[in-house]
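The structure appears below as structure tokens.
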Amino acid sequence: MAAEQDCRVKVIESRVRAFPDFPKKGVIFRDICPILKDPEALSAVTSLFEEYVRDKFPQVDLVIGLDARGFLFGPLLAQRLGVGFVLVRKKGKLPGATVSVAYDLEYGKAEAEIQEDAVSPGQKVILIDDLLATGGTLYAACALMHQRQAEVLSCLVVMELQDLKGADRLKPQPVYSLLRY
């Protein structure tokens, strides 16, 4: 099992492209688009997330995807788990009654929101996104879930930039990262 998992992680890692000095000098941008284009790599991401969740959490009610790349992986995982999928969007992007939380970014402030009836008190949720950097967006999504009295089981990401210590910001929520840079 561990050898199979290592093989799948290597497939995923081989599909991530690095773009030095994008969007600015000194930054290495890690591009996940080749993962999405490759059925084997996309299946590997989904399968590894599914195995982690099934192994650690016997009951999950919802998968919560973060705007926008969490929308790419979240529905696939939710379908595999046989649960619903909920969007966390940037403020002003969802119709109907919403609840929101403000949070700080490296370059300013933002707000994340969900529809008011999307998550019920007591529901057990998994959060998913493509990247964990400083943890601002995932932290805001966790705050939204706590505001709705949901239980955050774990945060799942394809890639984690460890030097930025985003996982520390999310404690006590566990973070599961497929790739760490």
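Some notes on this structure:
- CD proxy at 222 nm, helix term only [per DSSP H run n ≥ 4: -39500 (n - 2.57); per residue of the chain; nearest 500]: -11000 deg cm²/dmol
- Distant-in-sequence amide H partners of T98 (H built 1.01 Å from N, under 5 Å): E116
- The stretch 2-180 - share of DSSP beta bridges that are antiparallel (%, nearest 5): 40
- Distant-in-sequence amide H partners of Q123 (H built 1.01 Å from N, under 5 Å): E151
- Remark: the stretch 72-81, residue by residue, has Karplus-estimated 3J(HN,Hα) of 7, 9, x, x, 5, 5, 4, 4, 5, 7 Hz, where x stands for each Gly or Pro and the curve is 6.51 cos²θ - 1.76 cosθ + 1.60 at θ = phi - 60°.
- Dividing the convex hull volume of the alpha-carbon atoms in the chain by its residue count gives 120 Å³ per residue.
- Candidates P39, P121, P20, ranked by Gaussian network fluctuation over the chain, Cα under 10 Å, top entry: P20
Any read-out appearing in this document is the output of simple, stated calculations on the displayed coordinates, not a laboratory observation. Quick caveat: nothing in here was measured; it's all calculated off a predicted structure.
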